[in-house]
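**Q** Have a look at this one before I ask anything.
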Amino acid sequence: DLHSFPTRRSSDLIFGLIQTSRFFWALFSAVIVYMLVDSLEYAFLAMLFLMFSFAFNDVIDLKYDKVGHPDRPLPRGVITRKLGIFFCSVIIISNFLFCYYFKQDTLFFFIIFLLSALYSLVLKKFFPSFATLLWCIIVTILVLFPLQCGAWEHVLLLSFFYAREVLLDYRDKESDKVYCFTKSIPCILGEKTFWLISACLFVSTLSAIK
């Protein structure tokens, strides 16, 4: 809990938070966003959003990750659930403070933070097939929101993100069979999931050509 923070090695806590928030993946994504939108402020806010989403998802999935992903910081006990919640709260507050300071669209970030929380709290467990698609839509809009993009650009990114997320769902399909109330796409399709992934990548490539 919070009172146990000083008794833990600071380096373990820092590296645990870096891992659970997928900091380097969020940073890499922010660099890509910056290259697209040419706004360091927006890219930074996008990075905070992704860090929150990954960390909050790990906090909510702690019970399931003890079986499916026991090597993650929360299941290993490197960081506690309360510290994870505290960390997510700090990210949310920081994001909205920076939104105000940078004069970014606070309502937009409020909506995507809310949808991300709903994804982890409710949708991923009860409606995993819809949850995966929703998450991909959120990330697609996050990347393209500042730009005046047409439908093809949205289809390109959405197809690519969906292929990636379905592949991750395939990796987790055994634990999803146990913990999800309805079936995920890989649980429904089985090995045919790879045909869906291939189709999404094909559509993404075709959209890029267009």
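**Q** Give me a count of the residues in segment 95-124 that are in contact with a Ser or Thr (Cβ under 9 Å, 6 or more places away or on another chain) and open to solvent by 60 Å² or more (accessible area, probe 1.4 Å).
**A** 1
Quick grid of which residues meet (1) outside any helix (DSSP H, G or I); (2) among the small types (Gly, Ala, Ser); (3) under 23 Å from PHE145 (Cα atoms); (4) touching a Phe, Trp or Tyr at 6+ places or on another chain (Cβ under 7 Å):
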| position | (1), (2), (3), (4) |
| --- | --- |
| SER11 | no, yes, no, no |
| TRP25 | no, no, yes, no |
| TYR42 | no, no, yes, no |
| LEU50 | no, no, yes, no |
| PHE54 | no, no, yes, no |
| ILE85 | no, no, no, no |
| ASN95 | no, no, yes, yes |
| TYR100 | no, no, yes, no |
| PHE108 | no, no, yes, yes |
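**Q** Identify all residues within segment 130-152 that are over 22 Å from LYS192 (Cβ atoms), open to solvent by less than 60 Å² (accessible area, probe 1.4 Å) and of a type in the set (Gly, Ala, Ser); write none if there are none.
**A** GLY150
**Q** For residues in segment 153-189 being under 17 Å from VAL37 (Cα atoms) and hydrophobic (A, V, I, L, M, F, W, C), which is least open to solvent (accessible area, probe 1.4 Å)?
**A** LEU157
**Q** Of these, PHE181, PHE194, which one is outside any helix (DSSP H, G or I) and over 19 Å from the mean Cα position of the chain (by Cα)?
**A** PHE181
**Q** Report yes if some residue within segment 57-75 is among the acidic types (Asp, Glu), touching a residue at least 24 places away in the same chain (Cβ under 8 Å) and part of a loop (DSSP other than H, G, I, E, B); otherwise report no.
**A** Yes, some residue in segment 57-75 is among the acidic types (Asp, Glu), touching a residue at least 24 places away in the same chain (Cβ under 8 Å) and part of a loop (DSSP other than H, G, I, E, B).
The values are calculated or read from the model by the stated rules, or taken from the named source; none is laboratory data. Values in this document were obtained by computation on a predicted structure and should not be read as measured data. Neighbour counts are summed over all protein chains in view; Cβ atoms, including those assigned to glycine, are modelled from backbone coordinates with ideal geometry. These accessible areas exclude ligands, DNA and RNA; they are computed on the full protein's heavy atoms, side chains included. Shrake-Rupley method; radii C 1.70, N 1.55, O 1.52, S 1.80 Å.
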